[in-house]
Amino acid sequence: MIGVGMRIMLMLATVCAMFAATTVPHRFAVVAQGQGADSGDLSIELVDPKVLRVCADPRSLPFSNEQGEGFENKLAQLLADKLGKTLAYTWYPQAPGFVRNTLGGYKCDVIMGFPQGSDIVQSTNPYYRTAYALVFRPGAGLDGIETLGDERLKDRRIGIVAGTPPSNTIVVNGLMTRAKPYPLVVDTRFDSSADAMMTDLAAGAIDVGVLWGPMAGYYAKRAGSPVTVVPLTRETSGLPLVYRIAMGVRPADQDWKRTLNRFIDENQSAINALLLGFGVPLLDENNQSITTASLSKKP
């Protein structure tokens, strides 16, 4: 089973070359049969036009869980409220076959978080942009570090989830000898590689960890002592580490995609505030951090 929150990392690890920070929306040739571009008849595309049916992992915080505690749960509720729909879930572990057995099987109509650029699903416009991030304790001699090529990391113990894109950058920079790998695939009922990494960081078993940004921010906010989170936006070697995240729909669901794009456009500030509340390190198109303070300055 995929570890808590590992599904994004698994998607990025397996198709990461497709999801560079400069990725533009993928072009899909498939369109819904028998409807015009502006028909707006969602009854043709959705399982039930009165219900927002979401495909989600039941144990994948900070993204989703059955208790509705993840930020994708909160985003889905906001979307349902705005559309005047009731909210229902199809729960399925984010393991191989997830898309085929949920969205592809017409058991639901949207995946709330999916890397933009994949042709496994049709992407909406992205609603946030983030990166893999370094996590470390302030005052441990790493303050001001920005890349995995920093010389201060040469003799440090680095935690890394095996098979994720930063693993390649760690190899390129000759850091694997002292790296501690954490499994990408675990039984989510009992284990979490991200939680294990943060526990080791607090105990001093590792000096620095590398995690997918939303997980890094989430666990940093929950840590018992201060943890610095630095998005890896300046890497020039290895695989891309900055990604856009969108919602995923079926390739034929053109009107539904347009509805979701309007929701994203009209509610971007509320979405940003929601994500920031979970500690997600948000980035603008210039790789500058989006903060609560910067949101409050906008008209």
Applying the Karplus parametrisation 6.51 cos²θ - 1.76 cosθ + 1.60 with θ = phi - 60° to the phi angles of region 132-147, what ³J(HN,Hα) value in whole Hz is obtained for each residue in order, glycine and proline being reported as x?
-> 4, 9, 7, 10, 7, 7, x, x, 9, x, 10, 4, x, 5, 10, 9
Where does the charge balance sit around ALA220 when Lys and Arg score +1, Asp and Glu -1, over other residues with C-beta under 13 Å from its C-beta?
-> +2
Distant-in-sequence amide H partners of VAL110 (H built 1.01 Å from N, under 5 Å) = CYS55
What ranking, highest mean first, results for peptides 121-128, 46-53 when packing means the other Cβ atoms within 10 Å averaged over each residue?
-> 121-128, 46-53
Please report the base-10 log of the normalised intensity I(q)/I(0) for region 131-231, using a Debye sum with one equal scatterer per alpha carbon and no solvent, at each q in 0.20, 0.22 (1/Å).
-> -0.98, -1.21
What percent does the relative contact order of region 125-256 come to when contacts are Cα pairs within less than 8 Å and at least six residues apart?
-> 44 percent
If you rank ARG152, ARG59, ARG157 by fewest surrounding Cβ atoms within 10 Å, what's the result?
-> ARG152, ARG157, ARG59
Fewest to most neighbouring Cβ within 10 Å: what's the order for ARG178, ARG189, ARG250?
-> ARG189, ARG178, ARG250
Sorting GLU235, GLU72, GLU66 on the 10 Å Cβ count, fewest up front, what's the list?
-> GLU66, GLU235, GLU72
Under 5 Å, built H, 5+ apart or other chain: amide partners of ASP48 = none
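Just so you know, all these numbers are worked out from the coordinates, no wet-lab data involved. Keep in mind it's a predicted model, so treat the numbers as computed, not measured. Here Cβ is always computed from backbone atoms with ideal geometry, including for glycine, and neighbour counts include all displayed protein chains.
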